[in-house]
Every structure is written in structure tokens, then in C-alpha cells.
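Written out below as C-alpha cells is the structure these notes cover.
Just so you know, all these numbers are worked out from the coordinates, no wet-lab data involved. No experiment lies behind these values; they were computed from the predicted model shown. So basically every Cβ, Gly included, is an ideal-geometry build from the backbone, and we count neighbours across all protein chains shown.
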Amino acid sequence: GPKFCTTLQRSERYGAGVYFNPLVDSPVAGNSTQRKRKIKYGVIQLEDLICDLTTWKWLYVAGRMHKPTVTVEGLEQCDHVATAQKQNLDMALAASLLLLGSDTAHMANENKTYELTTLYERIAGLSYVGDPRMDVGGEDPHKVSKLVRSDGQEDRFYSMYRDSMSDLAKLGVITFDRSNIQIDLHDNATRRKLWKALPQRVNKGTCYGVGIEQPETSADYLSKCLVNIVRPAARRQSIKGLLTAGLVRSFQYAGAKFAKGAFRKLR
């Protein structure tokens, strides 16, 4: 019943505060033949949503909201959600800039300039760092690239992160245009400002000490922090899916995922 579902949804022992329903029939908009498509939707308590957006407790729904999304009508009126989402985007930008410290291959020139597309891929990949599904073939290995490079996505990412990038530009951390971003990751003050923008559970003990000595060290340390958040939450959420969706639908859903993966390898 409802009480059991709510308990399972919000239990600290089971995942990231989301109750998913996979393989649900949904009408295709504008289709006169009433053809159905299969969708997956999740339900999360507003309190848990705000918590994940502002603290990265699970980096689960927060991670999904790092990417372009469509806002449900009426939700944009919730000021506390909008404020929490802005903080989430600010933190995602700071983390992704720090992670660029391990990636010199995509520098446009030696003036510490990176392509914005590379930054967007870092952002889109934050919530997949350490996700067990990526390790076992349960997700498309090219998913992050597709999330960024599909038609219109780069413009959507720019619209999402323009304000956050402008805030960092005012602090003298970056300069940017529609194609590139400039940042000196070898500057200690720059890295400290970025670490300070991260949630406490990530930057605790690192903002002025461990993990920020060099760009490569910062990126490696941050990656480990993200893995420690994402992996257990994703693993528990997957286990919870067996209980919420039932064994039959869970195996159908997982089978479809693995079948896609196998098909991609044969292409």
C-alpha cells in the first residue's frame, strides 16, 4: 500500500529517495492511432529532492538535473526548487572545471582554453562516475557524448549554465564565449574558489589542504569523492528496483538495456 511504498522510497537503506515505475504505457502526443510507448518515471519527496540538489547526498536526481530537462507545469513557481537547482548547477560547473585538470587533450591552445563541448561532457558525466551500470554494460558507453552532441543539446547546455559561468567570470575565475572557456587551473586561488563552491561532503578537508596541490591531483581526488557518492546510491537504487517494479518487469527492463548494449557491440 501507500505507506509501504513511501517507506521503501525514502528509506536510507534503499537507494536515492526515488520510487521508479518502468515499462509504463504512455500515449504518444499527437498520434491519432493512440499508439503507446514505454516510459519510466520516478517519484521523489520534495524534501529529498531539495536535499540532493543542495548537498549531493546521492547525486542521483541532482545528476539528472545537471542535464537539460523539461520542467513540469507549475513546478517552476516553486522558488525553493529553483534556488536549489541553481546551487546544483553552480556545483556541477565547479566540479567539472576541476575535472578538466586531468584533460589536456581537449585544450584548444596553450592559453588554458577548453572547448565548451568538453566541459558539457564533464558535466553530463558527473552522475555516471562509479555507476555500476556503466561497468556491466547496462548503459550505453557513449551516452554522455550523445547527451551533449545530439541536435540542439549544446545550445540547451549553454542556456542552462550561462548564468553560472557569468558568476564565475565576475569572480575572475573564467572567461568564456559561445564556443570556449578559459581557466588557469594551475592557479591555487582559482582551484580554492572552485573547491569552495562544492557541497560540504565533497570539499570537507580539501578546500585548503588535501587534494588541491596540482590540477591533476585535484581532478583525481574529486573523481574518487564522486565515486564514493554515486556508486553506493546507484547500487542500492538498482536493488530497490527489483522490489518496486517486481522481478518480471525488472528483468524485462534490464534485458532490454543489455540487448541494446549487445546490439551496439555488434554494429
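Listed cross-link partners K112/K146; K36/K57; K38/K143; K36/K86; K57/K170 are compared with a 24 Å cut-off, the Cα-Cα value being larger for K112/K146; K36/K57; K36/K86; K57/K170. Extending 7 Å from Cα along the Cβ direction at R162 and again at V28 yields two label points whose distance is 3.3 nm.
For K224 and E73, a Förster radius of 51 Å and the Cβ-Cβ distance give a FRET efficiency of 0.80, rounded to the nearest 0.05.
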